[in-house]
Amino acid sequence: MTGSVATRVLGAIGLAAAAVMAILALWVSPADAVQGDAVRLMYVHVPSIWVAYGSFVLTAFASARVLWRTRSGAGGTEGVIADRQARHWDRVAGAAAELGVMFTGLTLVTGSLWGKVTWGTYWQWDARLTTTVLLFVTHLGYLALRRLPAESRARARRSAVMALIAVVNLPIVHYSVDWWRTLHQEASLEIGIGGDRNYSGEMYWTLLYSWATFTLIALWIGIHRYRVLRLEELAEEAALEELLSVRRSEPSHDEPVTER
Amino acid sequence: MWREVWLICRKDLTVERRARVTLIQIVPTVLLILVVFAFAFDANPSLLGAGAGGLFWVAVLFGAVLGAKRSFDIEAEGGNLDALRLGGLSPAAILWGKAMALAVQMAAVAVFTAAGLVVLFSVTVTDWPLLLTAAVCGTAAFAICGCLYGAMTVGLRSADTLLPLLLIPVAAPVLLAGTRAFDVALGTSADQGWSWTALLAVVLITYVAVGWAAAGPLLEDA
Amino acid sequence: MGAAVAFEGVVALLDRFPALAGVDLSVESGEMVCLRGPNGAGKTTLLRTCAGLVPLRGARAEVLGFDLIADRRTVRRHVGLLGHRTPLYGDLRVDDQLRHCAALHCASDAEASAAAERFSLEGRLMGVAIRRLSEGQQRRVALACLTIARPQLWLLDEPHAGLDRTSRDALDELLGDAVTAGATVMFATHETDSARLAAARQVTLAGGRVSMSAPAPGAGSSADVA
Amino acid sequence: MTWAANVFSGYALTAAAVVAYATWVVRRGRVLGRDLGIGPAGAGTDPGRSHPETSQ
């Protein structure tokens with residue numbers, strides 16, 4: 001069981017917020033002057049990527065902590081504490097990366113749907129889109145790396161390095177694609193929050209509200225995922241005790257050792 | 001430190017000198033990629049000429065994936081990586097030694113790819129210094145990146161299939177900047193070729209920095 | 001003389017499987033220890049653990065005075081390990097491989113050729129790619145590399161397997177010399193007839209633990225922990 | 001009409017993905033918790049340890 005009083009309250013608030021968000025986003029907020037009702041996709045598209053960015057930043061931060069803790073890890077009680085903290089941050093990184101991948105995937109899907117309505121095409125080779133797709137693929141690779149069976153400390157270190165490489169790479173990709181497109185195509189289509197289009201106050205508040213809702217829900221899932229990862233470790237520990245006793249009771253029916 | 005780097009590099013190059021895997025397997029594969037692209041573009045000379053810069057980097061990238069795989073396969077075989085660890089080599093020395101050797105092999109791949117482009121796609125070079133600088137920076141960046149991910153996946157059961165998935169997205173900036181710089185050097189576009197080459201250099205420096213930081217955690221015991 | 005290996009309750013996991021399930025073992029410097037036990041008893045893992053190559057936990061794990069729980073790296077350069085796999089580059093020629101080993105362990109050319117001579121690797125064999133050698137010949141190259149490394153603790157997994165009579169004798173002589181020079185030797189084997197075995201202390205593993213530890217003949221002071 | 005289809009499929013997909021993932025996580029936690037014997041109160045085990053992270 002991964003629920004607690006706090007997460008139950010959080011979950012209830014999240015659910016209620018999601019219901020209110022659907023009403024606000026689909027009925028209350030006005031249609032855009034240019035895009036019409038298609039603008040309503042913004043309320044799922046933009047919060048998704050914000051939550052995804054937040055998750056990936058958290059993954060990177062946690063990964064840095066993992067490396068930091070394992071580096072200073074020495075023997076004795078200090079080593080035990082460092083190891084425990086490294087495991088904690090490794091779980092944070094894993095849970096956040098999964099959430100990030102899911103929300104990035106949703107961003108890409110809702111973005112294409114939105115793009116089809118407003119630009120008439122599912123995809124644009126825009127800096128933001130290209131970066132997002134690489135972000136998605138890189139972290140898919142990160143999750144694939146995490147899934148491979150290995151000694152837990154080695155795996156934590158390896159995946160932490162991978163997460164940090166991904167983070168270092170991102171701004172480079174973003175600026176190089178930005179540069180690439182601005183040099184080779186007329187100004188890219190900036191539809192969304194970064195554009196110069198003026199959104200009405202209601203749209204602005206609906207968007208902020210949607211973001212808060214998404215964050216709550218992501219937090220709720222993330223906490224549960226963290227606890228599941230912890231449970232998996234506990235299950236592994238429990239299995240180890242059993243494996244150890246089975247292992248110790250293995251017979252030694254080799255050739256008898258000659259007593260000399 | 002440099003003695004150790006040179007030790008690893010020399011060993012890898014000797015392996016290549018004896019087995020010639022890069023020369024008789026990776027280079028032909030890369031040339032094959034060029035031919036396959038010609039099929040895909042219906043052997044349209046103008047299209048192939050315009051895309052030559054990009055093709056070069058795509059081909060070299062796939063060569064780098066194969067090269068990185070090969071470079072760490074020889075270490076996984078028979079527990080050679082353990083033998084290196086028992087020699088007391090520092091992780092950084094192992095990484096940089098292998099990266100240097102891989103860079104040399106990738107340089108060979110790049111030369112053959114370029115020759116293939118000249119022969120098959122009849123490209124002409126208008127700016128040699130730009131072309132060479134971009135090629136050196138990009139190839140070295142591929143080599144370092146390949147070694148980082150090779151070290152990350154060495155000995156893992158699904159390393160063969162995981163390596164491309166991890167490596168290709170990270171190589172995207174090199175692919176982009178390299179392509180632009182080559183387009184200028186080959187006279188197919190009038191861009192700021194040196195700025196793109198500067199970007200390649202920045203990427204290279206970044207990978208070097210990441211390599212310094214990551215070698216320890218990656219190769220200490222994994 | 002201090003202890004070369006001092007293990008108390010050492011547990012080593014291989015992909016979540018407890019290959020060592022609480023090993024208590026102490027080996028004095030200059031001792032020769034023969035590990036016995038059925039397949040899968042943990043002999044190989046114990047050797048690799050002593051080399052600092054396996055993550056471990058436990059109450060105490062010291063090899064050559066280095067604490068493996070705090071740091072598994074420093075001990076490595078003082079240890080020589082020959083596992084059941086032969087750690088050689090199949091594409092290299094024998095002389096390339098020996099030169100690489102000599103460079104790796106900062107040994108002189110004279111030491112390298114002496115080691116090669118010991119396992120009769122001179123002449124034609126030197127120019128042959130390792131992949132083309134027979135298994136026994138490959139083991140001989142690996143043993144020569146180990147000789148070049150001059151470890152203080154020799155860890156050998158089935159060292160006699162696949163070797164011909166001459167090479168076995170050369171190996172026994174080499175290990176004898178090493179012990180005389182103050183090094184410690186641990187080897188795992190299933191054989192019973194080797195002359196060298198008679199001199200070794202027998203430690204039997206079962207189920208990832210030491211199940212029996214017989215004293216070496218003539219060594220009354222050996223500390224037994226079973 | 002096309003905007004409506006796209007908007008609604010966007011919302012539906014998002015909701016479906018989030019719900020599916022959350023369900024998987026909670027169910028996995030439940031299975032693991034049962035196997036470990038740390039279930040909710042009434043499962044006959046140790047209700048005080050229902051939050052694994054507090055026992056850390």
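The values are calculated or read from the model by the stated rules, or taken from the named source; none is laboratory data. Note that the coordinates shown come from a computational prediction; the quantities given were computed from them, not determined experimentally. Cβ coordinates were reconstructed from backbone atoms using ideal geometry, including for glycine residues, and neighbour counts include every protein chain displayed. Protein only, heavy atoms only, side chains kept; ligands, DNA and RNA dropped before computing areas. Shrake-Rupley method; radii C 1.70, N 1.55, O 1.52, S 1.80 Å.
Take peptide C:41-54, look around each residue's Cβ out to 10 angstrom, count Cβ atoms belonging to other protein chains, and average those counts. Each step should come with its number before you reach the end.
Details: counts 4, 2, 0, 0, 0, 0, 0, 2, 0, 0, 3, 4, 6, 2.
Shielding by partners across C:41-54 averages 2.
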**Q.** Electrostatic dipole magnitude of chain B [Cβ: Lys, Arg +1; Asp, Glu -1; Cα centre; debye, to 20]
**A.** 380 debye
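What percentage of the solvent-accessible surface of chain C, computed with a 1.4 Å probe over protein heavy atoms, is contributed by carbon and sulfur atoms?
Values: 4260 of 8590 Å².
C and S atoms contribute 50 percent here.
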**Q.** Averaged over A:241-251, number of beta-carbon atoms from partner chains that fall within 10 Å
**A.** 6
Q. How high is the FRET efficiency between A:Ala212 and C:Ala110 when r is their beta carbon distance and R₀ equals 56 Å, given to the nearest 0.05?
A. 0.15
Q: Would you mind putting A:161-167, A:214-220 in packing order, based on average other-beta-carbon counts within 10 Å, highest first?
A: A:161-167, A:214-220
Q. Against the longest alpha carbon principal axis of chain B, how many degrees, from 0 to 90 and to the nearest 10, is the axis of helix B:91-121 turned?
A. 20 degrees
Q: Return the sequence-ordered ³J(HN,Hα) values of region A:167-179 in whole Hz as given by the Karplus equation 6.51 cos²θ - 1.76 cosθ + 1.60 applied to θ = phi - 60°, using x for Gly and Pro.
A: 5, 5, 6, 4, x, 4, 4, 4, 6, 5, 5, 4, 4
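Select from chain C the helices, each a whole stretch of DSSP H, whose alpha-carbon atoms run 18 Å or more along the helix axis and whose Kyte-Doolittle mean is at least 0.0; answer none if there are none.
Values: long enough: C:135-149 (21 Å, 0.24); C:165-180 (22 Å, -0.40).
Span-like helices in chain C: C:135-149.
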Q. Which value, in square angstrom to the nearest 100, describes the accessible area buried between chains B and A on both sides, using a 1.4 angstrom probe?
A. 2600 Å²
Q.
Within 9 Å, Cβ to Cβ, of A:Val66, how many net charges do the neighbouring residues add up to if Lys/Arg are +1 and Asp/Glu are -1?
A. +3
(Q) What do you get for the angle between helix A:127-147 and the principal long axis of chain A? Use alpha-carbon atoms, 0 to 90 degrees, nearest ten. (A) 20 degrees
Q | Positive-pole candidate from A:Thr121, A:Val92, A:Val66, dipole of chain A, charges at beta carbon | A | A:Val66
Q.
For a quick check of your reading of the filter: which trypsin sites (Lys or Arg not before Pro) in region A:1-110 sit in a DSSP loop and have no more than 16 other Cβ atoms within 10 Å?
A. none
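What is the sum of charges, Lys and Arg at +1 and Asp and Glu at -1, for the other residues whose Cβ falls under 12 Å from the Cβ of C:Thr147? Don't skip to the end; give the middle numbers.
Working: positive: C:Arg118, C:Arg140, C:Arg150; negative: C:Glu111, C:Glu117, C:Glu173, C:Asp177.
Charge balance near C:Thr147 sits at -1.
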Q) Expressed as a fraction of 2.2 N^0.38 Å, the rule-of-thumb size for a compact globular protein of N residues, what is the C-alpha radius of gyration of region B:2-221? A) 1.02
Q) Got a sec? Charge dipole of the protein assembly as shown, +1 on Cβ for Lys and Arg, -1 for Asp and Glu; which of B:Pro217, A:Gly3, C:Leu125 is way out at the positive end? A) A:Gly3
(Q) Using alpha carbons only, how many angstrom separate the centre of region B:163-190 from the centre of region C:21-66? (A) 51 Å
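Roughly how crowded by other chains is peptide D:12-23, in terms of the mean Cβ count from those chains within 10 Å of each of its Cβ atoms? Could you put the intermediate results ahead of the total?
Numbers: counts 0, 6, 13, 4, 1, 6, 12, 2, 1, 7, 7, 0.
Mean shielding by partner chains, rounded to a whole number: 5.
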Q | Centroid-to-centroid separation of region A:1-59 and region A:110-136 [C-alpha atoms, Å] | A | 20 Å
Q. Taking the Cβ-Cβ separation of A:Asp178 and C:Asp15 as r and a Förster radius of 60 Å, what is the calculated FRET efficiency to the nearest 0.05?
A. 0.85
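Counting only protein heavy atoms, what percent of the accessible surface of region B:2-221 is carbon or sulfur at a 1.4 Å probe?
Details: 5630 of 7930 Å².
Here carbon and sulfur together make up 71 percent of the probe-accessible area.
Using unit Cβ charges (K, R positive; D, E negative) and no other charged atoms, how large, in debye to the nearest 20, is the dipole of the protein assembly as shown about its Cα centre? Walk me through the intermediate numbers first.
Values: 66 positive and 66 negative charges, 126 e Å.
Taking the Cα centre of the protein assembly as shown as origin, the dipole is about 600 debye.
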(Q) Given the -39500 (n - 2.57) contribution per DSSP H run of 4+ residues, what per-residue ellipticity at 222 nm results for the protein assembly as shown, rounded to the nearest 500 deg cm²/dmol? (A) -21500 deg cm²/dmol
Q. Using modelled amide H (1.01 Å from N, peptide plane; none on Pro or chain starts), what sits under 5 Å from the amide H of C:Ala188, excluding residues fewer than 5 places away?
A. C:Leu35, C:Leu156, C:Asp157, C:Glu158
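How large is the Rg to Rh ratio of the protein assembly as shown when both quantities use alpha carbon positions and Rh follows Kirkwood?
Working: Rg = 30.4 Å, Rh = 29.4 Å.
When Rh is taken as the Kirkwood radius, the ratio is 1.03.
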Q) Which of these, B:Ala198, B:Ala103, B:Ala59, has the largest mean-square fluctuation under a Gaussian network model of chain B (Cα springs below 10 Å)? A) B:Ala198
Q.
Over the Cα atoms of region B:64-164, what radius of gyration and what Dmax do you get, in Å?
A. 16.1, 51
Q: For B:Lys69, list the lysines whose Cα falls under 21 Å from its own Cα; do not include residues on the same chain fewer than 8 positions away.
A: B:Lys11, B:Lys98
**Q.** Folded to 0 to 90 degrees: helix A:201-248 orientation relative to chain A principal axis, Cα
**A.** 10 degrees
Q | Orphan Cys of the protein assembly as shown, criterion: no other Cys C-beta under 4.7 Å | A | B:Cys9, B:Cys137, B:Cys145, B:Cys147, C:Cys34, C:Cys50, C:Cys106
Q: Give, in nm to one decimal, the length gained when the segment between B:Ala198 and B:Phe41 is fully stretched (0.36 nm per residue of separation minus the Cα-Cα distance).
A: 53.4 nm
**Q.** For A:Arg247, net neighbour charge (Lys/Arg +1, Asp/Glu -1) across residues whose Cβ lies under 11 Å away
**A.** -1
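Taking the highest mean first, how do the peptides D:27-37, C:143-153 order by number of other beta carbon atoms within 10 angstrom per residue?
C:143-153, D:27-37
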Q. To the nearest 100 Å², how much accessible surface do chains C and B hide from each other in total, with a 1.4 Å probe?
A. 2400 Å²
Q.
Just to be sure I understand the interface: list residues from region B:144-170 that lose 30 Å² or more of accessible area between the chain on its own and the complete protein assembly, 1.4 Å probe.
A. B:Tyr149, B:Met152, B:Leu156, B:Arg157, B:Leu162, B:Leu165, B:Leu166, B:Pro169, B:Val170
